[in-house]
Amino acid sequence: MKAVIFDMDGVLFDTERVCMKAWMAVAEKNGLPGMEELFNRVIGLNANDSRQMVLKAYGEDFDYPAFRQESAEYFQKDIRENGLPIKPGVPEILEWLKGSGYRVGLASSTRSESVLSHLKQAEMEDYFSVVITGDMIEHSKPWPDIYLLACRKLGVEPERTYAVEDSPNGIRSAHAAGMWTIMVPDMIVPDEEMRQLSRVILKDMREVLVYLQQEKERR
């Protein structure tokens, strides 16, 4: 194996819960039903695909830009007040990877501006040789495009690359790209499909570190 590519939200940072709080708050304020179910379906999608999903749920006349703006303001307020929540074990695995010989990338459906801001705030920019974001491609997860582009930029074959994901859409994307999929569930409990598509399902990033260390020794 030559490389490890991480998702961001729900893997490096516990931001999906913050985002869900924001969407739920705006939905309650504006009387939008079914938001929790809808949010779980859009986890892992980029802005373009999320927009299509929301419009399908609430109608073509729904003011999606206003909704995203209001929820983004709620999200940013939460981050300013409470800080960026880093997942347990993330600093340790990134430090280990720095000296492991693996190439390390990031493939997030989130917009570039937010991804780079989060990485800078967490002082993690230097750990990643390649950062691919949702606005760099037309369709993000569950399509394989984002991972294929990340592998191409890293100069590695997908089948020799680990993908660390938390969401079903992310696992579908990495599996379709032909990668070695590691699922670390966050907000969605893995079902039979996820057990079939994941090479391994682990509890947290500490377990991922141990797994990678053992696999490196074994290989």
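Quick note: the coordinates plus some simple rules give every number you see, no bench work behind them. Owing to the predicted nature of the structure, the values given are computational and were not obtained by experimental measurement. Please note: Cβ atoms are built from the backbone with ideal geometry, for glycine as well, and neighbour counts cover all protein chains shown.
Please give me, ordered by residue number, the trypsin sites (Lys or Arg not before Pro) of segment 154-210 that lie in loop per DSSP and have at most 13 other Cβ atoms within 10 Å. Walk me through the numbers before you get to the answer.
Working: sites: R160, R172, R195, R199, K203, R206; in loops: R199, K203.
The qualifying sites are K203.
Rounded to the nearest 0.05, what FRET efficiency is calculated for K98 and R17 with R0 set to 30 Å and r the Cβ-Cβ distance? Can you show the working numbers first?
Values: r = 28 Å, r/R0 = 0.93.
About 0.60, to the nearest 0.05.
Enter the Cα centre distance for the pair segment 148-219 and segment 1-76, rounded to the nearest angstrom.
Here the two parts' Cα centres lie 23 Å apart.
Mind checking Rg over Rh on segment 144-216, alpha carbons, Kirkwood formula for Rh? Before the final figure, lay out each step's value.
Values: Rg = 11.8 Å, Rh = 12.3 Å.
Rounded to two decimals, Rg over Rh is 0.96.
Any chance you could give the angle, 0 to 90 degrees and rounded to 10, that helix 15-30 forms with the longest Cα principal axis of the chain?
Roughly 10 degrees between the two axes.
According to a simple spin-label model (label point 7 Å from Cα along Cα-to-Cβ), what is the distance in nm between E113 and R152?
Taking the simple label geometry, R152 and E113 are separated by 2.6 nm.
DSSP loop GluC sites (Glu not before Pro) in segment 1-97 with at most 13 other Cβ atoms within 10 Å of their Cβ, which ones? Numbers along the way, then the final one.
Details: sites: E16, E28, E36, E37, E60, E70, E73, E81, E92, E95; in loops: E60.
When the GluC sites (Glu not before Pro) of segment 1-97 are filtered for loop state and at most 13 Cβ neighbours within 10 Å, E60 remain.
Tell me the mean residue ellipticity at 222 nm calculated for the chain from its helices only (DSSP H runs of n ≥ 4, each -39500 (n - 2.57), averaged over every residue, nearest 500).
Numbers: 10 runs with 113 residues, N = 219.
Using -39500 (n - 2.57) per qualifying helix, the result is -15500 deg cm²/dmol.
Going down the table (K2/K141; K98/K120; K56/K77; K77/K141; K29/K77; K2/K87), which pairs top 19 Å between alpha carbons? Before the final figure, lay out the partial values.
Working: K2/K141 22 Å; K98/K120 17 Å; K56/K77 28 Å; K77/K141 27 Å; K29/K77 17 Å; K2/K87 24 Å.
The answer is K2/K141; K56/K77; K77/K141; K2/K87.
For the chain, what relative contact order do you get, as a whole percent, if you take Cα pairs closer than 8 Å and at least 6 residues apart? Can you show the working numbers first?
Values: 359 pairs, mean separation 57.2, N = 219.
Over the chain, the number comes to 26 percent.
Run the numbers for Q69 and D191: contour at 0.36 nm per residue of separation, minus the present Cα-Cα distance, in nm. The partial results should precede the final answer.
Working: separation 122, 0.36 × 122 = 43.92 nm, distance 3.28 nm.
Separation in residues times 0.36 nm, less the Cα-Cα distance, equals 40.6 nm.
Report, in cubic angstrom per residue, the convex hull volume of the C-alpha atoms of segment 68-157. Please list the in-between numbers first.
Details: hull volume 10.2 nm³, N = 90.
Measuring per residue, one finds 113 Å³ for the Cα hull of segment 68-157.
Loop-only chymotrypsin sites (Phe, Trp or Tyr not before Pro) in segment 1-79, please: DSSP not H, G, I, E or B, and at most 12 other Cβ atoms within 10 Å.
Those that pass, being in a loop and sparsely packed, number zero.
For E123 and A25, FRET efficiency with R0 = 22 Å and r from the beta-carbon atoms, rounded to 0.05? Don't skip to the answer; put the middle values down first.
On the way: r = 29 Å, r/R0 = 1.32.
E between A25 and E123, to the nearest 0.05, is 0.15.
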